[in-house]
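Everything on this sheet refers to the single structure shown next.
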Amino acid sequence: MYRSHNCGELRASHINNEVTLAGWVQKSRDKGFIVWVDLRDRYGITQLVFDEERTPKTMMEKAQKLGREFVIQVTGTVIERASKNPNIPTGDIEILVSKLTILNDALLPPFTIEDKTDGGEDIRMKYRYLDIRRNPVKNSLIFRHKVTQEVRNYLSKEGFIEVETPYLIKSTPEGARDFVVPSRMNEGEFYALPQSPQTFKQLLMVGGMDKYFQIVKCFRDEDLRADRQPEFTQIDCEMAFVEQEDILNAFEGLTRHLLKEINGVTIDKFPRMLYDDAMRLYGNDKPDIRFGMQFGELNEVAQHKDFGVFNNAELVVGIAVPGGNSYTRKEIDKLIDWVKRPQVGALGMVYCRCNDDGSYKSSVDKFYDQDDLAKWAETTGAKPGDLICVLSGDKNKVRAQLSALRMELAERLGLRKPGEFAPLWVIDFPLLEWDEETERYHAMHHPFTSPKPGQLELLETNPGDVKANAYDLVLNGNEIGGGSIRIHDKKTQSLMFDYLGFTPEEAKAQFGFLMDAFQYGAPPHGGLAFGLDRLVAILGGQETIRDFIAFPKNNSGRDVMIDAPAPIDEEQLTELNLKLNLKS
Ligand code: ASP
């Protein structure tokens with residue numbers, strides 16, 4: 001038996017007990033005649049004491065040589081501490097050691113293993129196993145475990161079955177590049193790693209599994225934008241014999257359960273918003289509704305004067321910044337610079353101060369009188385003391401720009417409160433999305449998504465207007481999940497593939513298995529997937545998913561600890577029938 005207790009467990013009630021503990025040396029203080037050692041394990045810290053009077057000389061010397069992160073085992077008596085430490089649960093006691101065994105020594109760690117460490121991100125990633133010994137990382141992993149346990153408990157109770165699906169598969173287009181794996185046994189052929197188990201979960205529905213879930217790794221070879229990982233985890237779900245309403249209710253239930261169990265927050269019904277409204281009111285399909293600052297479209301009230309910039313714009317749109325009239329001219333200029341940064345890309349910003357006396361002062365007073373500006377205030381909901389910020393230009397671009405400004409200002413104003421949770425369903429997404437690069441429509445969600453009933457005909461005339469039975473679950477301005485009702489008949493699915501530019505041969509080669517399955521009695525079905533990493537981060541009050549992943553990759557998709565990806569040797573290449581053709 002290595003230990004009778006753990007390092008977080010002993011209290012005053014254990015005084016005089018003989019115990020055995022094992023763990024790491026967090027630190028030791030050597031006063032010559034007395035040595036204190038903080039012994040750490042996953043559960044906490046217990047103080048050990050060795051002193052001249054009561055500890056044999058050889059053991060005293062051994063204790064004096066203990067280095068940081070040595071792994072030791074001690075047996076001793078629990079005694080009352082002379083000076084108690086109210087900051088830790090074991091702070092009333094210490095262990096007078098009678099037996100000390102060094103289980104392993106340790107090199108000096110490259111950063112301090114403490115809550116506030118001196119180690120930068122890179123070094124901590126390289127020695128992630130040391131980082132995991134620190135409370136913030138350890139606690140994040142424990143937190144993630146709690147969330148996944150609750151997910152499993154809830155869904156199992158609701159009759160969902162967790163089924164594993166394969167990782168070595170054929171491409172599932174979800175908008176990213178596939179990671180591929182060469183097959184040794186099938187010369188010249190490759191598996192793809194799943195971007196999600198999408199087609200498999202649909203096949204499980206054909207198989208009669210009715211309510212499926214899986215906590216599963218997904219792989220997408222994307223250029224890594226901030227806070228994305230090439231492999232990430234989904235809570236993947238699918239149900240048969242359901243309509244959109246059933247799915248929203250089922251997974252609203254799960255989310256409500258998590259908020260209650262994990263965060264102690266009770267939320268009744270989640271609001272729902274049409275995609276078109278989300279774009280119009282927030283310029284964004286994942287609005288943070290913890291605060292207002294809704295967009296006010298100003299075309300009608302701002303395009304009747306001689307101000308060419310507005311007159312030529314597809315959209316003139318503004319937001320009211322609460323209390324923003326207190327900004328100095330310099331601060332407003334800085335804000336204008338902020339929206340003009342290339343990351344945001346606005347050409348400029350018009351503003352209007354709403355004075356306390358009810359008058360207005362705008363940067364375009366030459367063109368607009370007080371009555372005009374009063375209409376701006378009315379449309380944006382601005383009150384005396386606010387500042388109206390107005391952007392104009394191409395509709396889609398300007399919405400994205402103003403949305404960025406809205407989020408930035410809310411952050412600065414402290415309106416994005418970490419302890420507050422505002423879930424929202426965004427529904428009725430468009431089926432298709434125009435892709436500038438390829439100059440064609442792509443499936444906005446994925447090619448298996450069903451158009452809204454009766455809208456299939458619109459595909460020929462107004463493809464951009466076709467709405468889908470597709471929905472996202474948004475929490476505090478983050479998309480935490482998304483899904484759709486699926487196409488479940490071969491005819492519609494072939495039509496869809498055809499529309500998306502697959503030749504019948506390509507569709508058959510890539511998705512023949514799904515179309516075949518649809519001929520053998522496919523039930524109506526639909527589902528969704530949550531991004532577990534992000535969900536956990538948000539429930540944990542953070543926005544970086546990396547903190548909640550035991551061994552994350554860096555922004556270049558590298559695991560700097562194991563140094564992957566890495567070249568493989570000639571022999572392996574030959575075995576796989578591969579020849580490298582490197583550009584550099
Ligand atoms: N497979 C989809 C995704 O990964 C989710 C779904 O449609 O259920 O986004």
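The values are calculated or read from the model by the stated rules, or taken from the named source; none is laboratory data. Being a predicted model, the structure only gives us computed values, none of them experimental. Quick reminder, even Gly has a Cβ in these numbers, built from the backbone with ideal geometry, and neighbours come from all protein chains shown. Side chains are part of the model used for accessible areas, which takes the heavy atoms of the whole protein and leaves out ligands, DNA and RNA. Shrake-Rupley method; radii C 1.70, N 1.55, O 1.52, S 1.80 Å.
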With +1 on the Cβ of every Lys and Arg and -1 on the Cβ of every Asp and Glu, and nothing else charged, how large is the dipole of the chain about its Cα centre, in debye rounded to the nearest 20?
2000 debye
Mind ranking Leu347, Leu475 by accessible surface for me, highest first, 1.4 Å probe?
Leu347, Leu475
Please compute the per residue accessible area over the chain with all protein chains in place, 1.4 Å probe, rounded to a whole number of Å².
50 Å²
On the full set of protein chains, 1.4 Å probe, figure out the accessible area of Met407 and give it in Å² to the nearest 10.
40 Å²
May I ask which residue of Asn6, Ala443, Ala382 lies farthest towards the positive end of the charge dipole of the chain, with charges of +1 (Lys, Arg) and -1 (Asp, Glu) on Cβ and the Cα centre as origin?
Asn6
Segment 10-125: relative contact order from alpha carbon pairs under 8 Å, six or more residues apart, as a whole percent, is 28 percent
Take Met515, Met1 and sort them by solvent-accessible surface of the protein heavy atoms, 1.4 Å probe, largest at the top.
Met1, Met515
Taking 7 Å along the Cα-to-C-beta vector as the label spot, tell me the Asn299-Asn577 distance in nanometres, rounded to one decimal.
5.7 nm
Taking the Cα centre of segment 1-95 as origin and charging only Cβ (+1 Lys, Arg; -1 Asp, Glu), how large is the dipole, in debye to the nearest 20?
240 debye
For segment 162-276, which whole-number percentage of the solvent-accessible area (1.4 Å probe, protein heavy atoms only) is attributable to carbon and sulfur atoms?
50 percent
Counting sequence-distant residues (5 or more places) and residues on other chains, those with an amide H built under 5 Å from that of Gly385 are Cys354, Asn355, Asp356
Estimated FRET transfer efficiency (Glu80, Lys491; beta-carbon r; R0 56 Å; 0.05)
0.10
Heads up, I need the accessible area for Trp434: 1.4 angstrom probe, whole protein in place, Å², nearest 10.
130 Å²
Just flag the trypsin sites (Lys or Arg not before Pro) in segment 93-125 sitting in loop per DSSP whose Cβ has no more than 12 other Cβ atoms within 10 Å.
Lys116
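Please report the net charge: other residues with Cβ closer than 10 Å to the Cβ of Gly385, K and R +1, D and E -1.
Net local charge, Gly385 excluded: 0.
So for Met444, Met239, what's the accessible-area order with a 1.4 Å probe, most first? Spell out each step's value before the answer.
Values: Met444 45, Met239 15 Å².
Of Met444, Met239, the descending order of accessible area is Met444, Met239.
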Contour excess over end-to-end distance, with Cα ends at Ile88 and Thr58 and 0.36 nm allotted per residue
7.8 nm
Over all alpha-carbon pairs in the chain, figure out the percentage whose distance exceeds 33 Å.
59 percent
Segment 33-156, accessible surface, carbon-and-sulfur percent (1.4 angstrom probe)
51 percent
Determine the relative contact order of the chain: mean sequence separation of Cα pairs under 8 Å and six or more apart, normalised by residue count, in whole percent.
13 percent
Rounded to the nearest 10 Å², the accessible area of Lys146 using a 1.4 Å probe with every protein chain kept is 110 Å²
Name the residue from Asn153, His525, Gln455 whose Cα lies farthest towards the positive end of the charge dipole of the chain, charges +1 on Cβ of Lys and Arg and -1 on Cβ of Asp and Glu.
Asn153
